[in-house]
1. If you look at just the Cα atoms of the range 41-131, how large are its Rg and its Dmax in Å?
2. Roughly what would the spin-label model give for residue 365 and residue 139, points 7 Å off Cα along C-beta, in nm?
3. What FRET efficiency comes out for residue 159 versus residue 85 if R0 is 25 angstrom and r is the Cβ-Cβ distance? Round to the nearest 0.05.
4. Residue by residue, what Karplus-based ³J(HN,Hα) values in Hz, rounded to whole numbers, does the range 274-283 have, using 6.51, -1.76 and 1.60 with θ = phi - 60° and x for Gly and Pro?
5. Between residue 110 and residue 346, what FRET efficiency follows from the Cβ-Cβ distance if R0 is 22 Å, with the result rounded to 0.05?
6. Using amide H atoms built in the peptide plane, which far-off residues or other-chain residues are under 5 Å from residue 361 H to H?
7. Binning at 10 Å from 0, report for the range 202-253 what percent of all alpha-carbon pair distances ends up in each bin.
8. What's the Cα-based Rg to Rh of the range 182-309, Rh via Kirkwood?
Amino acid sequence: MKVFRLVIGIISLCTIFNATAEEGFRTHYSPTGLITGETAIILKDRPGFFGTISGSLISIDQINDANGNNAANQSIYVNTSPTISTLYQNATGSNTLNVNQTFSQTQRQVNFIGGYITEENYWGGKFIGAVSVPYAVMSREVTANVDATQISQLQAYAIKNPASAPTINQMISSYKAQAASVASSKSGTTEGIGDTNLIGAWSYFDGKNTKYVTGLTIIAPTGAFDQNAPLNVGFGYFTFLPSIAAFYQENNWTFAGRASYGYNTSNSSTSYKSGDFVAFELFGSYRVPGLANFGLNLTQFSQVTADTYTGPVTTTSTTQNPGGTSALLGTTVPIDGGQQTSFIALTPSVVFPLPSIGGVLTLQYTLMPLARDSIHANFMQARWTTHF
């Protein structure tokens, strides 16, 4: 039992803090879930100071549209002169230019977490305060190519109509150059301190096998944000995240649930506001005595209000359709304010108590079977937790 007490300081905290913060199809609520494998160790909170360091590798392979499909390909309205538009429509049978894109992004992140649990009880429970500061290194690569079928249609039309060949060849070169230029402008790297989590909670343990935790996390925009940059470690806005959680433990089994509501302020740099959201988590684990705890977290995230945008339409993107959505490349997107992110994530975990070195090691992996208006990513994370 002594070894399990090494991590009880973070058990309540894990139900109210998040480890990832990014903007643009990403949220201030991590798909990894906030009820973690350490929860299954023991329910009674140990007073005093505690600390955690976590390392994450996040691989984003695509951005999904509102139907959950890869949003890599976009249709761009050809808003040029009437002559060019007519020529393009005669050649392709369409007034839109299709652009095929590839998108990949990696993020390496370290979180430093420190906190304190009160010695005294207040209304039967203990207060917990903590701060989580992330440092992230991000890299994105975007490529964009004009649809090969439409290029072939334009070239075939030029052969049949030689007088149009110079104009069509110029159009093709221009479209290819513009697609490549936009893709290049949205590729890049950045690193720095991300948005800081300020955490407060009250934890009540019944002395037997049940615990309740309620708390508030304030995510402050301490990370750098530049609306003209392709990548940002910060979001540029505050999130207020009240939550409540319950835990039940019987023999070697632990079950838990958590409900949260997130309110986002507007990004003052972009006049863009991410919609408010609700998040629910279910967690279960089984302890193999003398070996490890094996757990599984299920997280469901849903925006209850759509994103809104009140500023001028100045974002650089490949979508020029008024009222449409610049689904992949823009920084202040979508311009129509219709985006509502939702996802389901599964996170299996294993927790190894290591009494010989005074801590607990947690390993976990997150996959996202469903993601709408959202990134689709895989998360690998390792955490080390100890008490002081």
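1. In Å, with Rg to one decimal and Dmax whole: 27.3, 79.
2. So the two model labels end up 2.2 nm from each other.
3. 0.75
4. 6, x, 5, 8, 10, 9, 10, 10, 10, 9
5. 0.40
6. Here 352, 354 satisfy the definition.
7. 21, 28, 20, 18, 12, 2
8. Numbers: Rg = 19.1 Å, Rh = 17.4 Å.
Taking Rg over the Kirkwood Rh, I get 1.09.
Read the figures in this text as sums done on the coordinates, not as results from a lab. Please read these numbers as outputs of a predicted model, since none were measured by experiment. Glycine gets a Cβ as well: all are built from the backbone with ideal geometry, and neighbour counts include every protein chain shown.
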